[in-house]
Amino acid sequence: MKKMYLILFSVLAVTTSKAQNKFNLLVGTYTNTCQSDGIYVYEFDSTTGEFKLKNFSEKVVSPSYLSVSADNKFIYAVNENGTQSTVSAFSYDSKSGKVKLINKNAALGADPCHLINDSKNVIAANYSGGSIAVFKKNADGSITEGQQLIQHEGKGPNQARQEKPHVHMLAFSPDKKFVLANDLGLDKVFIYKYNPGAAHEILTLKGSVDVKKGSGPRHFTFSKDGKFVYLIQELDGTLTTFSFDKNGSLKLVKETSILAKGFTGGTGAAAIKISPDGKFLYVTDRVDANNITVYKILKNGSLELVEQISTLGKGPRDFAIDPTGNYLLVGHQHTNEIIIFKRDKATGELKTTGKKIELCSPVGLVFTKI
């Protein structure tokens, strides 16, 4: 009998191990440049790097950025469509990969490009509108009409790109007491107090910090211990490190550049993310650079350059690291593919696998459990 239990336990352990190595990769796309139905769901094996298409949405307009609920049952998406832009809620069956629209509401600003969600709210960044829109969640996962709209005002020195506010990204602080927002047009990072249960005053301004003029703050990420914020600036490739404290205060620690020495081409820094173990930072750059830079995060929060390599495509707008940390996948907006790199977890270095997922204009990547 004891032997039988051991055999059963071994089989269970192997089955569980295999299950934990498989995840869903959700991909948001632009649907106005080539043939795309919107959101695609792939099963990804983090042991082998193999993938297969599981499902996709039905004719969703440009769901460029996605945010998944904590219970893994709903997906929220921005729908970039000029002044007709919306924010959408979908039911999500992770096992089958089925994605079904529940409802959508006006984004209250043009071209939303990023959003976040928690148990009570969905918050979207309107790029062309230069605003932040907050939607309440209903019990069935749907969203209400916008309950709060915060309009930024002003402009920056780059007349072509900073002619008005351009809110580009939002993130909750690790303790969920604050929401930070980048404005590419104003060269500012705003800090808002977060009042999740409030009816309309969900976000109240605490303050803001200025960054280098003309740099265009785009995306940022918190260190694993929550003590530092790493910000990438789209227009000039500046990479800024801030300290962050429990009172919601950002303080400049250091500025550096992701541009290679002597590089003179066009730059368009895009995504910035940290490995699951918190030890390495990755940043993509587009236009002429089309590369990804790897940094080691030292104990004091400072960064040490590891390598900079080609992403093997054009327009690496977003990337995702699988939850085990074994693979890093880069979505190329202009060459219509996701390139799969193998990660060395000890050094942070990336190596091409020769594998790629071909699909129209991938611009938002996120892993979920199955």
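The values are calculated or read from the model by the stated rules, or taken from the named source; none is laboratory data. Because the structure is predicted, anything quoted here is derived from the model rather than measured. A quick note on method: Cβ atoms are made from the backbone with ideal geometry, for glycine too, and the neighbour counts reach across all protein chains shown.
Side notes on the structure shown:
Conditions (1) under 16 Å from the mean Cα position of the chain (by Cα); (2) in contact (Cβ under 8 Å) with a residue 40 or more places away in the chain, marked per residue:
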| residue | (1), (2) |
| --- | --- |
| Leu239 | no, yes |
| Gly248 | no, yes |
| Ile272 | yes, yes |
| Phe280 | no, yes |
| Asn291 | no, no |
| Val294 | no, yes |
| Gly301 | no, yes |
| Glu304 | no, no |
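- Residues in segment 27-58 that are under 12 Å from Val363 (Cβ atoms), buried (at least 17 other Cβ atoms within 10 Å of the Cβ) and either touching an Asp or Glu at 6+ places or on another chain (Cβ under 9 Å) or of a type in the set (A, V, I, L, M, F, W, C) (or both): Val27, Gly28, Thr29, Tyr30, Thr31, Gly38, Ile39.
- Considering Lys59, Lys104, the condition of being over 25 Å from Tyr327 (Cβ atoms) and at pLDDT below 95 is satisfied by Lys59 alone.
- Looking across Val330, Val287, one residue alone is within 29 Å of Thr33 (Cβ to Cβ), out of contact with any Leu (no Cβ under 7 Å at 6 or more places or on another chain), surrounded by fewer than 18 Cβ atoms within 10 Å (Cβ to Cβ) and free of Cβ contacts under 8 Å to residues at least 60 places away in the same chain. It is Val287.
- Residue match in segment 94-102 (condition: out of contact with any Lys or Arg (no Cβ under 6 Å at 6 or more places or on another chain), over 27 Å from Pro316 (Cα atoms) and surrounded by 14 or more Cβ atoms within 10 Å (Cβ to Cβ)): yes
- Within this structure, Ile357 passes the test of being touching a residue at least 40 places away in the same chain (Cβ under 8 Å), over 26 Å from Thr241 (Cα atoms) and hydrophobic (A, V, I, L, M, F, W, C).
- Against the conditions (1) at positive phi; (2) surrounded by fewer than 17 Cβ atoms within 10 Å (Cβ to Cβ); (3) within 21 Å of the chain's Cα centre (by Cα), Gly154 satisfies every one except (3).
- Exactly one residue out of Tyr230, Tyr192 is of a type in the set (Ser, Thr, Tyr), outside any loop (DSSP other than H, G, I, E, B), out of contact with any Lys or Arg (no Cβ under 7 Å at 6 or more places or on another chain) and at pLDDT 95 or above: that is Tyr230.
- Filtered by the rule that a residue be surrounded by fewer than 16 Cβ atoms within 10 Å (Cβ to Cβ) and either of a type in the set (Lys, Arg) or within 16 Å of Ile309 (Cβ to Cβ) (or both), segment 343-370 gives Asp344, Lys345, Thr347, Glu349, Lys351, Thr352, Thr353, Gly354, Lys369.
Conditions tested, residue by residue: (1) part of a strand (DSSP E or B); (2) of a type in the set (A, V, I, L, M, F, W, C); (3) touching a Pro at 6+ places or on another chain (Cβ under 8 Å); (4) at pLDDT 95 or above.
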residue: Ala133; (1), (2), (3), (4): yes, yes, yes, yes
residue: Asp140; (1), (2), (3), (4): no, no, no, yes
residue: Thr144; (1), (2), (3), (4): yes, no, no, yes
residue: Gln147; (1), (2), (3), (4): yes, no, no, yes
residue: Ile150; (1), (2), (3), (4): yes, yes, no, yes
residue: Gly156; (1), (2), (3), (4): no, no, no, yes
residue: Leu170; (1), (2), (3), (4): yes, yes, no, yes
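- The set of residues in segment 238-262 that are part of a loop (DSSP other than H, G, I, E, B) and either more than 27 Å from Pro316 (Cβ to Cβ) or touching a strand residue (DSSP E or B) at 6+ places or on another chain (Cβ under 9 Å) (or both) comprises Asp245, Lys246, Asn247, Gly248, Ser249, Ile258, Leu259, Ala260.
- Whichever residue in segment 261-284 is of a type in the set (D, E, K, R) and over 14 Å from Phe220 (Cβ atoms) and, among such residues, is surrounded by the most Cβ atoms within 10 Å (Cβ to Cβ): Lys279
- Here is the figure for segment 108-128: residues that are surrounded by 18 or more Cβ atoms within 10 Å (Cβ to Cβ), outside any strand (DSSP E or B) and touching a residue at least 40 places away in the same chain (Cβ under 8 Å) total 4.
- With respect to being touching a strand residue (DSSP E or B) at 6+ places or on another chain (Cβ under 8 Å) and either more than 26 Å from Thr353 (Cα to Cα) or modelled with pLDDT under 95 (or both), Ala19 falls outside the description.
- Lys188 farther than 22 Å from Cys113 by Cβ, surrounded by 16 or more Cβ atoms within 10 Å (Cβ to Cβ) and under 21 Å from the mean Cα position of the chain (by Cα): no
- Checked against (1) crowded, with 23+ Cβ neighbours inside 10 Å; (2) over 23 Å from Gln151 (Cα atoms); (3) among the acidic types (Asp, Glu), Glu80 passes all but a single condition, namely (2).
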